[in-house]
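S.K.: Pasting a structure below so you can have a look.
The values are calculated or read from the model by the stated rules, or taken from the named source; none is laboratory data. Keep in mind it's a predicted model, so treat the numbers as computed, not measured. Every residue, glycine as well, gets a Cβ built from its backbone with ideal geometry; the counts of neighbours run over all protein chains shown. Accessible surface is based on the protein model in full, side chains and every heavy atom, while ligands, DNA and RNA are left aside. Shrake-Rupley method; radii C 1.70, N 1.55, O 1.52, S 1.80 Å.
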Amino acid sequence: MTPPIPYLNIKSTPKNTYDAIVVGSGISGGWAAKELCEKGLKVLLLERGRPVEHNIDYKTAMKHPWEFENRLQLTAKDTTENPVQSKCYAYTEATRDFFVNDRENPYEQIKDFNWIRGYQVGGRSLTWGRQCYRLSDLDFEANAKEGIATDWPIRYKDIAPWYSYVEKFVGISGNADGLAHLPDGEFLPPMEMNCLEKEMQIRIRQAYRDRTMVIGRTANLSQAHGGRGPCQYRNLCARGCPYGGYFSSNSATIPAAIATGNLTIRPFSAVSEVLYDEQKQRATGVRIIDTQTKESTEYFARIIFLNASTINTAMILLNSVSNRFPNGLGNGSDQVGRNLMDHHHSVGAGGTFDGLTDQYYKGRRPNVVYFPRFRNVNTDSQKDYVRGFGYQGDGERSGWQDMMISEKGWGESMKEKITTPGPWTFWMGAWGETLPYEDNRVTLSPDKKDPIGLPLVQVNFEFKENEKQMRKDMKQSAIELLNTCGFNTINGFDYHSPGGSCVHEMGTARMGNDPKTSVLNAYNQLHEVPNVFVTDGSAMTSSGCVNPSLTYMALTARACDFAVSEAKKINI
């Protein structure tokens, strides 16, 4: 029998060709997929990790604490196998499946940096903290005014309509507070403060002219919205919410993209590089490594969005080398991988409050109260540091978990003691801005590989003098504020957590006007490769002090609109 002729598979390229490729399915990648699909493009969404389907794959969402083998406590095995991931506040026995295994996903810490990751469809949108605040021109203008790093190529007016656009879809509960440096948005009804928080809000207004406390603005639905929710006040968000009570790619943007009929999702797909055509001076697609089979495959598209998260996006760009770009795709400025930022936190104070013992609260509100930035805003300038910080906090009454350690006895008397609410307490922790420094950076190991053959990522990051000086004020101001508001037994704290611990990493492919000092233009487009866009945290030119995910979403929607418009004009 004559063997079959080994014809070249000339159909492979058309089969693997799409209008657009989106790399990463987290908060920004989900938005890119939704926007591009809804604009009529056939989109391939590549995810390094496993599939996670809304509702079906939230295995622990409805479990009670006593149904877990270790009652939600971390074991020695957890901390040994996952020494980095287990340091994340959201990592528990109930949520660990939404975090990578550290042993299977190594990286090099030149200096301590906790790289928290979630390799699954939805990425870290399943475990994020959900606080949503807009940047203002206080943030967008700061670099230019202070001569630090490079200027943002946009101002608040450029992104404000896109903040509104994404807020209306996401569903953010919050209150219009009328602060110029913390712009109001499109809000669902705010969640309610408890009695201690309301009392504290009154006392702050009476004592200070430059400080206030507001209810947190959170992507938890205070009422049904867009076929999702409402929030059930279970505060188990990081397990995945069967009610769709909080925003995630899985519950919101990916279903919207699927509904168009234009989306294809390929899980287990680690992008190793962006393919570049030197003659066309355009990217033609991406090469992926299947994380299960280790096989390499190429996919092609006219438009490419990189949303793999800050450090992985830097890795992809740095690993995409060619004659034109020997140091990485779009890296003529030598800024790819540099200017890594993360908010510094784990510093603040707590105290107890006498009174209100006849009042309590209902449910477990998945939200905080927020103290907007007051340093270096108007006339209040600090000599020791630039920029500023905000506090997140909450008031609550001590419960049986707090008293089990201190109470002695047994039987009925002990049960009565530990089931009687304890004193009111208040905790407030600061989130501070970190400046962009060129030597805080991501690089690739020249000789070491990860388990699937990609260059091992190296992270070299430290908080510097400006952040250290700010931390002193973050702690002292919290102590002073609690004391002014009448709290007792006040204790300040500073846990000196390393970079990455806030899980707000950003800045490795910053936006800017000048291609010599920045990677992306005002529309998140690579200066040097016009059909490649980066809209995850990599794009940030400075960090501000507020939670950044809302800004990633707004930048993504804006860039998608621009990309499709440019494609129609045959500019990309």
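S.K.: Can you pull a Stokes-Einstein diffusion coefficient for the chain at 4 °C (1.567 mPa s), Rh from Kirkwood over Cα pairs, as a whole number of µm²/s? It would help to have the intermediate numbers written out before the result.
M.R.: Working: Rh = 24.7 Å.
Result for D is 52 µm²/s.
S.K.: Do the sum for the chain: with -39,500 (n - 2.57) for every DSSP H run of n ≥ 4, divided by all residues, what is the mean residue ellipticity at 222 nm, to the nearest 500 deg cm²/dmol? Don't skip to the end; give the middle numbers.
M.R.: Values: 13 runs with 127 residues, N = 572.
Helix-only estimate at 222 nm: -6500 deg cm²/dmol.
S.K.: List, in the order given, every pair from Lys15/Lys42; Lys111/Lys464; Lys383/Lys468; Lys39/Lys157; Lys145/Lys464 whose Cα-Cα distance in the structure shown is over 18 Å.
M.R.: Working: Lys15/Lys42 12 Å; Lys111/Lys464 13 Å; Lys383/Lys468 13 Å; Lys39/Lys157 24 Å; Lys145/Lys464 20 Å.
Over 18 Å Cα-Cα: Lys39/Lys157; Lys145/Lys464.
S.K.: What does the accessible area of Leu444 come to, in Å² to the nearest 10, when a probe of 1.4 Å is used?
M.R.: Accessible area of Leu444: about 40 Å².
S.K.: Where does helix 156-170 land angle-wise versus the long Cα axis of the chain, in degrees 0 to 90, nearest 10?
M.R.: In the chain, helix 156-170 runs at an angle near 80 degrees to the longest axis.
S.K.: Where does each of 320-333, 338-351 land if you order them by average Cβ count within 10 Å, highest first?
M.R.: Going by the mean number of other Cβ atoms within 10 Å, highest first, we get 338-351, 320-333.
S.K.: What order do you get for 553-563, 75-85 when each peptide is scored by the mean count of other beta carbon atoms within 10 Å, highest first? Present the calculation step by step, with values, prior to reporting the outcome.
M.R.: Details: 553-563: 25.3, 75-85: 15.2.
Averaged packing, sorted descending, gives the order 553-563, 75-85.
S.K.: May I pose another question? For q values of 0.11, 0.13, 0.22 Å⁻¹, compute log₁₀ I(q)/I(0) with the Debye formula on a Cα-only model of region 368-498, without solvent.
M.R.: -0.65, -0.77, -1.29
S.K.: Hey, could you get me the Stokes-Einstein D for region 501-548, Kirkwood radius over alpha-carbon pairs, 4 °C and 1.567 mPa s, rounded to whole µm² s⁻¹? Could the numbers behind the result be given before it?
M.R.: Details: Rh = 11.0 Å.
Stokes-Einstein gives a translational diffusion coefficient of 118 µm²/s.
S.K.: Using only Cα atoms and rounding to the nearest 10 degrees, what angle (0 to 90) does helix 195-207 make with the longest principal axis of the chain?
M.R.: 90 degrees
S.K.: When you count, for each residue, the other Cβ atoms within 10 Å and take the mean per peptide, how do 352-364, 88-100, 306-318 rank with the highest first?
M.R.: Result, highest mean Cβ count within 10 Å first: 306-318, 88-100, 352-364.
S.K.: On a 0 to 90° scale, report how tilted helix 27-38 is relative to the longest principal axis of the chain, with both axes built from alpha carbons and the result rounded to the nearest 10.
M.R.: With both axes taken from Cα atoms, the answer is about 50 degrees.
S.K.: So, one more: Residues of region 412-450 with the amide nitrogen closer than 11 Å to a label point 7 Å from the Cα of Thr489, along Cα-to-Cβ, please.
M.R.: 422-426, by backbone N distance to the label point.
S.K.: What's the magnitude of the charge dipole for region 140-270 around its Cα centre, counting Lys and Arg as +1 and Asp and Glu as -1 at the beta-carbon? Answer in Debye, nearest 20.
M.R.: Numbers: 14 positive and 12 negative charges, 66 e Å.
Around 320 debye, computed over region 140-270.
S.K.: Efficiency by 1/(1 + (r/R0)^6): what FRET value for Arg282 and Asn327, r their Cβ-Cβ distance, R0 = 22 Å, to the nearest 0.05?
M.R.: The pair Arg282/Asn327 has a calculated efficiency of 0.70.
S.K.: Then there's this: Assuming R0 = 35 Å, what is the FRET efficiency of Asn378 and Tyr89, from their Cβ-Cβ distance, to the nearest 0.05?
M.R.: Values: r = 33 Å, r/R0 = 0.94.
So, using R0 = 35 Å, E works out to roughly 0.60.
S.K.: Given a 1.4 angstrom probe, I'd like the percentage of the accessible area of region 286-368 that is carbon and sulfur, rounded to a whole number. Working shown, then result.
M.R.: On the way: 1370 of 3130 Å².
The computed percentage sits at 44.
S.K.: Quick one: give the max-minus-min coordinate of the C-alpha atoms of region 470-513 along each principal axis, largest first, in Å.
M.R.: The principal-axis extents, from largest down, are 48, 24, 15 Å.
S.K.: Sticking with this structure for a sec: For region 255-319, which semi-axes, largest first and in whole Å, follow from the square roots of 5 times the eigenvalues of its Cα gyration tensor?
M.R.: On the way: eigenvalues 82, 55, 34 Å².
They are 20, 17, 13 Å, listed from largest to smallest.
S.K.: Work out Dmax and Rg for region 177-336 from the C-alpha atoms and quote the Rg first, both in angstrom.
M.R.: Answer for region 177-336, Rg first and Dmax second: 23.0, 67 Å.
S.K.: Just want the answer: with Cβ charges of +1 for Lys and Arg and -1 for Asp and Glu, which residue in Val347, Pro423, Asn440 is farthest toward the dipole's positive end in region 322-469?
M.R.: My answer, from the dipole projection, is Asn440.
S.K.: Counting only heavy atoms of the protein chains, get the accessible area per residue of region 251-409 (1.4 Å probe) and round it to a whole Å² value. Could you put the intermediate results ahead of the total?
M.R.: Details: 6700 Å² over 159 residues.
For region 251-409, the solvent-accessible area averages 42 Å² per residue.
S.K.: How high is the FRET efficiency between Asp514 and Gln292 when r is their beta carbon distance and R₀ equals 41 Å, given to the nearest 0.05? Can you show the working numbers first?
M.R.: Working: r = 43 Å, r/R0 = 1.04.
According to the calculation, E is roughly 0.45.
S.K.: What full-extension length gain, to one decimal in nm, is calculated for Lys145 and Glu53 as 0.36 nm per residue of separation minus the Cα-Cα distance? It would help to have the intermediate numbers written out before the result.
M.R.: Numbers: separation 92, 0.36 × 92 = 33.12 nm, distance 4.62 nm.
Residue separation times 0.36 nm, minus the Cα-Cα distance, leaves 28.5 nm.
S.K.: Enumerate the residues in region 351-370 having an amide nitrogen under 14 Å from the point lying 7 Å beyond the Cα of Thr420 toward its Cβ.
M.R.: 357-358
S.K.: Could you give the length gained by full extension between Lys42 and Glu67, i.e. 0.36 nm per residue of separation minus their alpha carbon distance, to one decimal place? Don't skip to the end; give the middle numbers.
M.R.: On the way: separation 25, 0.36 × 25 = 9.00 nm, distance 4.35 nm.
Length gained, Lys42 through Glu67: 4.7 nm.
S.K.: Under 17 Å from the Cα of Lys198, which lysines turn up, not counting those fewer than eight places away in the same chain?
M.R.: Partners within reach: Lys362.
S.K.: Take the Cα atoms of region 278-401, build their convex hull, and give its volume per residue in Å³. Don't jump to the answer; show the numbers that get you there.
M.R.: Numbers: hull volume 34.2 nm³, N = 124.
In region 278-401, the Cα hull volume divided by residue count equals 276 Å³.
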